[in-house]
Amino acid sequence: MRQIEIAWQSIDAKVRITLDEGRNAQLVEPLWASLPYQTLQGHALVAGDCIYHVPPAHDLLHAVPDHKVDRKIQPDGTVFCSAVQHLTIKYGDLTEPMPTAPIGSVVPEDLDALPKIGQMVWDAVHGNGAPILAQVRRVDGEAGHGVRRMPAESARARDLIERIAAETERVLIEPTDELIDAHEGRFATGAGTKDSVLTTLVCINGETRPLGYVSHTGLVRAARLTDVPLSALVEMAKILLVKPTEFLGYCGLNTLWDLTQEVVTVIGETTSKEDFIALLSHMATYTNALGAWNLQLFPWELGGDTWTFRPTITRSAHA
């Protein structure tokens, strides 16, 4: 029996999770291999009572689960993994009936702690803004933090992977100075029409999430799971990655833009699909970690707990 422990030291809490044996092994194995690590703890903002984090398990991006369930109706304490690199724990009512792959469950004796943990994480994300880090390890294993480097054939790809992984190790546990500057309204380029800040933050979040969840992940899945030739994958990467990251660079995320330009150059020179997969996998993990901090730093207090939408434009009778 394999078990992992997630500890949140800042709120003096931890739970143990028993992993499934023989079911959804393509998700369980990369998660197990990625341990130990630390990462920012997040909370669902739309779907209801669940907490999630980004594990640095690159192979989750292309894993094909053999068992999915409607997470809305699963017991509290069910643990899921997904291709967008979320490890999710359900602790209460969910509203989104998304088919998701279960990988285990919180041990019975730790279930009663979940609602309190969930509320504290919600308060940290949507309320006081104080980040909570998850420390994840094998039960009875060593604690620690790191990002596994995927192998690559070319020396240039290996060097770039090392740099992306080092950046990822940092951003999993603390926001970059670039993100802090953006969320404090400091844009060297003058981004933010008429000195607005919220508009730019909305656009940063709106570009970063699909960049990691869809573009990077989709390219990795296409490279690993289909027969699309490398030349076509490279051209698609240029189309999908360059424009949004150029815009994000303008908004202040210069490291993401710089790394993307180098990745596009290296994949354009390589003859190895494995190098392509390794580079895009590392970029997905890095981008997903940036996205997690965007949600943590976002000024949710502007909405308040009782905010409701009041439209100012009425629908035309001829519409």
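The values are calculated or read from the model by the stated rules, or taken from the named source; none is laboratory data. Small disclaimer: the values here were computed from a predicted structure and weren't measured. All Cβ positions, even for glycine, are placed from backbone atoms using ideal geometry, and neighbour counts span all protein chains on display. Note: accessible area is taken over every heavy atom of the protein model, side chains too, but ligands, DNA and RNA are not part of it. Shrake-Rupley method; radii C 1.70, N 1.55, O 1.52, S 1.80 Å.
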Practice task
Would you point out the residue of region 248-283, among those that are of a type in the set (Asp, Glu), open to solvent by 10 Å² or more (accessible area, probe 1.4 Å) and in contact (Cβ under 8 Å) with a residue 40 or more places away in the chain, that is nearest to ASP159 (Cα to Cα)?
Solution key: GLU262
Practice task
Show the residue pairs that are 6+ apart or on different chains and have beta-carbon atoms under 6 Å apart, the first residue being within region 98-123 and in contact (Cβ under 8 Å) with a residue 12 or more places away in the chain and within 21 Å of LEU31 (Cα to Cα), the second being part of a loop (DSSP other than H, G, I, E, B) and open to solvent by less than 10 Å² (accessible area, probe 1.4 Å).
Solution key: ALA101/ASN24; ILE103/ASN24; SER105/GLY77; VAL106/GLY77
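Has region 4-20 got at least one residue that is within 29 Å of ASN128 (Cβ to Cβ) and part of a loop (DSSP other than H, G, I, E, B)? First the steps, then the outcome.
Of region 4-20, the ones within 29 Å of ASN128 (Cβ to Cβ) are 4-17.
Now narrow it down to the ones that are part of a loop (DSSP other than H, G, I, E, B): 12.
Yes - at least one qualifying residue is present in region 4-20.
Please work out if VAL46 is of a type in the set (Val, Ile, Thr), within 23 Å of ALA278 (Cβ to Cβ) and part of a loop (DSSP other than H, G, I, E, B).
no
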Exercise for the section: Search region 155-193 for residues being in contact (Cβ under 8 Å) with a residue 40 or more places away in the chain and among the hydroxyl-bearing types (Ser, Thr, Tyr), and hand back the single one that is surrounded by the fewest Cβ atoms within 10 Å (Cβ to Cβ). Expected result: THR189
Problem - Matching residues in region 78-105 - criterion: being of a type outside the set (Ser, Thr, Tyr) and in a loop (DSSP other than H, G, I, E, B) - result: ALA83, VAL84, GLN85, HIS86, GLU96, PRO97, MET98
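Return yes when LEU19 is in contact with a strand residue (DSSP E or B) (Cβ under 7 Å, 6 or more places away or on another chain) and free of Cβ contacts under 8 Å to residues at least 40 places away in the same chain and no when it is not.
Numbers: in contact with a strand residue (DSSP E or B) (Cβ under 7 Å, 6 or more places away or on another chain): yes; free of Cβ contacts under 8 Å to residues at least 40 places away in the same chain: no.
It is false that LEU19 is in contact with a strand residue (DSSP E or B) (Cβ under 7 Å, 6 or more places away or on another chain) and free of Cβ contacts under 8 Å to residues at least 40 places away in the same chain.
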